[in-house]
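**Q** For reference, the structure I am asking about is given below.
The values are calculated or read from the model by the stated rules, or taken from the named source; none is laboratory data. All values reported here derive from a predicted model rather than from experimental measurement. Here Cβ is always computed from backbone atoms with ideal geometry, including for glycine, and neighbour counts include all displayed protein chains. The protein model used for the area step is the full one, side chains on, heavy atoms only, and it has no ligands, DNA or RNA in it. Shrake-Rupley method; radii C 1.70, N 1.55, O 1.52, S 1.80 Å.
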Amino acid sequence: MLSMNSELAASPAKSALVHQETGPLRSRILDQYQKWKGTQYQLGGTTQRGVDCSALMQHLFSDAAHLDLPRTTSEQIHRGVQVAQYRLRPGDLVFFQTGPHRKHVGVYIGDSQFIHASSSQGVTVSTLTDNYWQEHFITARRVAGAAA
């Protein structure tokens, strides 16, 4: 049992499974993350050969929650209801302003971590409390019925 926990702690996404508020949506999102992990970032990409942040959210939510999200970050930011950062739950969308006319989206998985398609690292898990993400955070949205 101890070695199993050690293995789970090997990656941020897997370690989220053994921490607070483990729920079925989080588990399904993490399962989908394993399929996409490392996929390279491609602006406008929608497949495992290359994906952008909003297409990744479409796939994760479609497969994990049977929920259809719009194609673009600018459309996704208007879905659901706004959530304060301190009230985030696994499955909430987190949005960032990463350029003058560029927004970025990820999905919160708990423990201050979120899954997203990074332009430099591909599909990965990052920490919301990192200075970069805090400085660029603009809002979070609880997509109706998805974060229950």
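**Q** What are the pairs, 6+ residues apart or on separate chains, where a residue within the range 135-148 that is closer than 12 Å to Val83 by Cα and among the hydroxyl-bearing types (Ser, Thr, Tyr) has its Cβ under 7 Å from a residue that is at pLDDT 55 or above and open to solvent by less than 50 Å² (accessible area, probe 1.4 Å)?
**A** Every condition considered, the pairs that remain are Thr139/Ile77; Thr139/Phe95.
**Q** Kindly check whether there is at least one residue in the range 57-70 that is touching a residue at least 60 places away in the same chain (Cβ under 8 Å), open to solvent by less than 10 Å² (accessible area, probe 1.4 Å) and in contact with a Phe, Trp or Tyr (Cβ under 8 Å, 6 or more places away or on another chain).
**A** Scanning the range 57-70, I find no residue that is touching a residue at least 60 places away in the same chain (Cβ under 8 Å), open to solvent by less than 10 Å² (accessible area, probe 1.4 Å) and in contact with a Phe, Trp or Tyr (Cβ under 8 Å, 6 or more places away or on another chain), so the answer is no.
**Q** Kindly indicate the residue of the range 4-50 that is of a type in the set (A, V, I, L, M, F, W, C) and in contact with a Lys or Arg (Cβ under 8 Å, 6 or more places away or on another chain) and also modelled with the highest pLDDT among those meeting that condition.
**A** Once the filter is applied, the top-ranked residue is Leu30.
**Q** Looking at the range 100-107, can you tell me whether even one residue there is part of a strand (DSSP E or B), without any contact (Cβ under 8 Å) to a residue 24 or more places away in the chain and not small (Gly, Ala, Ser)?
**A** Within the range 100-107, one or more residues are part of a strand (DSSP E or B), without any contact (Cβ under 8 Å) to a residue 24 or more places away in the chain and not small (Gly, Ala, Ser).
**Q** Let me ask something else. Taking Gly50, is it out of contact with any helix residue (DSSP H, G or I) (no Cβ under 9 Å at 6 or more places or on another chain), open to solvent by less than 40 Å² (accessible area, probe 1.4 Å) and farther than 21 Å from Glu135 by Cα?
**A** Against the criterion (out of contact with any helix residue (DSSP H, G or I) (no Cβ under 9 Å at 6 or more places or on another chain), open to solvent by less than 40 Å² (accessible area, probe 1.4 Å) and farther than 21 Å from Glu135 by Cα), Gly50 qualifies.
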